[in-house]
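Notes follow once the structure below has been shown.
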Amino acid sequence: MTIDIANETDVDVELDEIHDCARYAMDAMFVHPNVELSVRIIDEAAMETLHVQWMDLPGPTDVMSFPMDELTPGSEREPSQEGMLGDIVLCPSVAAAQAATAGHDTMEELLLLTVHGVLHLLGYDHAEPDERVEMFELQRTILLTYLASRGRSTEAGTIRIAPPSGRE
């Protein structure tokens with residue numbers, strides 16, 4: 001897997017942790033090893049521009065996903081197709097505010113948003129109640145097992161299942 005990460009902000013972000021979490025999420029979803037992913041970390045002004053342009057919603061948001069080859073999850077027997085998974089765009093200042101509200105640290109929020117972005121790139125959505133339950137339970141499971149694999153203990157109750165604003 002090729003995962004390119006670019007931090008276009010002055011915020012200190014643990015890029016290796018974002019990389020490892022994205023890879024863990026893609027492995028958990030049986031994404032083909034020859035898939036490419038891009039992660040950009042941008043400021044609120046740049047995120048607001050994208051949010052207005054692509055979602056027609058005002059203000060910055062926490063994460064946006066831009067699928068490329070419309071890949072879907074694979075299975076243990078057969079990984080997904082090869083190709084470009086797409087782009088995930090993260091806004092650490094919005095993530096920091098959400099983390100404070102949720103009661104966990106900013107890095108955990110960025111990891112949650114990374115998993116969220118990967119799932120969106122693989123076709124998961126949360127527009128309908130049944131989709132929402134499926135996506136957020138999967139997101140929670142992947143994040144908690146990733147954190148456990150890194151020896152990070154997190155109280156399960158502190159990882160939120162849904163964005164606090166209810167919007168993407």
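Assorted remarks:
- The gain in end-to-end length when the Ala6 to Thr49 segment is fully stretched comes to 13.7 nm, 0.36 nm per residue minus the alpha carbon separation.
- Extension reserve of the Asp16-Leu144 stretch, reckoned as 0.36 nm per residue once the Cα distance is removed: 44.3 nm
- Computed FRET value (nearest 0.05) for Asp56 with Arg77, which takes r as the C-beta separation and R₀ as 30 Å: 0.15
- Net lengthening on full extension, Asp69/Asp105 (0.36 nm per residue, minus Cα-Cα): 9.7 nm
- With the Kirkwood sum run over all distinct C-alpha pairs, segment 1-118 has a hydrodynamic radius of 14.6 Å.
- Amide proton proximity set for Ile5, modelled H, under 5 Å, gap of 5+: Val39
- Length-normalised contact order of segment 35-110 in % [C-alpha pairs under 8 Å, at least 6 apart]: 35
- Oblate is the label for segment 48-101. Its Cα gyration tensor axes, ordered a ≥ b ≥ c, give a/c of at least 1.5 and b/c at or above a/b.
- The fraction of all Cα pairs in segment 10-71 landing in successive 5 Å bins from 0 to the largest distance is 4, 14, 21, 21, 17, 16, 7, 0, given as whole percents.
- Segment 25-31 - phi-based ³J(HN,Hα) in whole Hz, Karplus 6.51/-1.76/1.60, Gly and Pro as x: 4, 5, 4, 4, 9, 6, 7
- Looking at segment 17-143, the DSSP beta bridges with both ends there are about 40 percent antiparallel.
Quick note: the coordinates plus some simple rules give every number you see, no bench work behind them. What you see is a predicted model, and the numbers here were worked out from it, not measured in a lab. Every residue, glycine among them, receives a Cβ derived from its backbone with ideal geometry; neighbour counts consider all protein chains shown.
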